[in-house]
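Data first, discussion second: the structure below is written as structure tokens.
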Amino acid sequence: MSGFVGCAIAALQVLQAYDPGHDLPALRRKHAAGDLIELGSNENAWGPSPKALAALRSVKDAETFRYPDPMGVALRQRLAAIHQVAIDEIVLGNGSHEILMQLAQVFCAPGDELVHSRFGFAVYPISARAVGATPIAADAMAADSQMPLGHDLDALFDAISTRSKLLCMANPNNPTGTWFSLAQLTAFMQRVPRHLPVVLDEAYIEFADAPGLQSALAIRNRFPNLVVTRTFSKAFGLAGLRVGYAIAHRDIIDLINRLRESFNTNGLALLAAEAALQDRSHLKTVVTNTRRERDRVTVVLRGRGLNVLPSQGNFVLIDFGVEAAPIEADLLRQGIVVRPMLAYGLPHCLRVTVATAAENDRFLQALSVPSGLSA
């Protein structure tokens, strides 16, 4: 070890940064316009609300050279009305990613533990290691269960120890697409010590339609230790503007605000997000189209003999049963970007975003099923 790395705090000397996937700007420059199909980042292929775009186009000069509202009051007021919570129970973030990192900063220190599910969002263990805490990965459901690779709530509970300071999980889960019901979550929360904050990452909740799957906000008043995070990057189509939020007990929100960066949510993001919330029709269209295409793509892939996990997100996880890297490379040569899962410990899998029918058809046509897996 040489240079300035050795001068950094111990936690950062060994920390591996979050991997966002392929260098998409470089790939866009390489491919002609419209020739690249991006199915690796779970973005909204139908884009944001026309109202959000109109809000951006009407931006006044002062909204670019003046600092934005540091508390994002207008957006938080609208969110508070929608979710029927108090405004001081909401904090905004530069995407929900930032809030997840901040929660670890608030509650974890060297020697502490952050419990998360195996095959969950990569940011959870990163947030723990960034502050010198230890991430504890609870076992996922077995491959032969009704919800393969989904959260094993019993295993998560068993992983809690006296050193546990935060527990993170997602519903629906990224990258597997699996989920658990509100009844299962309620039973789990009744067992968890009330002093342990539990983070429910609901980045994909708008796409859910499975019976029994509801937002954790429905039980938040019963469990003050429950923190729910949301994002405008997925169903609302504002990934490029980076805005997310958390709803939690006001004491937890106050703690996040103590370390939150000044003006962490930019002025354009605030305007667009507030406008997007006023267009429920566009959101409904996006969700309806995504669900329809998710079901269609799943049926086609399973018809080819592939193992596609059940999903409630805007993506599907395909388990090829063989090393998936050559399959992913072949798709990339054809201008189709999907997400390899080696970093998640799933080398046989690829995660594929559900996009428009035309984009999905091109993926399905390009995908070469490995020999021996055809139905």
- request: Among residues belonging to the stretch 253-293 that are of a type in the set (V, I, T) and not assigned by TED's automatic domain parsing to the domain that holds G95, point out the one that is surrounded by the fewest Cβ atoms within 10 Å (Cβ to Cβ).
  value: T288
query: Out of curiosity, is S127 of a type outside the set (A, V, I, L, M, F, W, C), in contact with a Leu (Cβ under 6 Å, 6 or more places away or on another chain) and at pLDDT 95 or above?
result: yes
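Residue by residue through the stretch 133-170, note down the ones that are in a loop (DSSP other than H, G, I, E, B) and closer than 16 Å to V123 by Cβ.
Hit for the stretch 133-170 is A133, nothing else.
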message: Of the residues A55, A80, only one is over 21 Å from the mean Cα position of the chain (by Cα), surrounded by fewer than 22 Cβ atoms within 10 Å (Cβ to Cβ) and farther than 30 Å from R258 by Cβ; which?
response: A55
task: Could you grab the pairs with beta carbons closer than 6 Å, sequence gap of 6+ or different chains, first residue in the stretch 106-131 and more than 19 Å from D152 (Cα to Cα) and part of a helix (DSSP H, G or I), second one among the small types (G, A, S) and modelled with pLDDT of 95 or more?
output: S127/A104; A128/A104
query: Conditions: (1) over 30 Å from A137 (Cβ atoms); (2) without any contact (Cβ under 8 Å) to a residue 60 or more places away in the chain; (3) part of a loop (DSSP other than H, G, I, E, B). G305 meets all but one. Number of the miss?
result: (2)
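Sort through I37, I90 and tell me the only one that's β-branched (V, I, T) and outside the structural domain of T356 (by TED's automatic domain parsing). Explain how you work it out, then say what you get.
Details: I37 fails: outside the structural domain of T356 (by TED's automatic domain parsing).
Only one candidate qualifies: I90.
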task: Considering each residue of the stretch 297-307, count those that are surrounded by 19 or more Cβ atoms within 10 Å (Cβ to Cβ) and either at pLDDT below 95 or among the hydrophobic types (A, V, I, L, M, F, W, C) (or both), and give that number.
output: 3
- request: Restrict the check to the stretch 320-338 and report whether at least one residue is buried (at least 16 other Cβ atoms within 10 Å of the Cβ), within 17 Å of G120 (Cβ to Cβ), in contact with a strand residue (DSSP E or B) (Cβ under 8 Å, 6 or more places away or on another chain) and not assigned by TED's automatic domain parsing to the domain that holds G150.
  value: no
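The values are calculated or read from the model by the stated rules, or taken from the named source; none is laboratory data. Being a predicted model, the structure only gives us computed values, none of them experimental. So basically every Cβ, Gly included, is an ideal-geometry build from the backbone, and we count neighbours across all protein chains shown.
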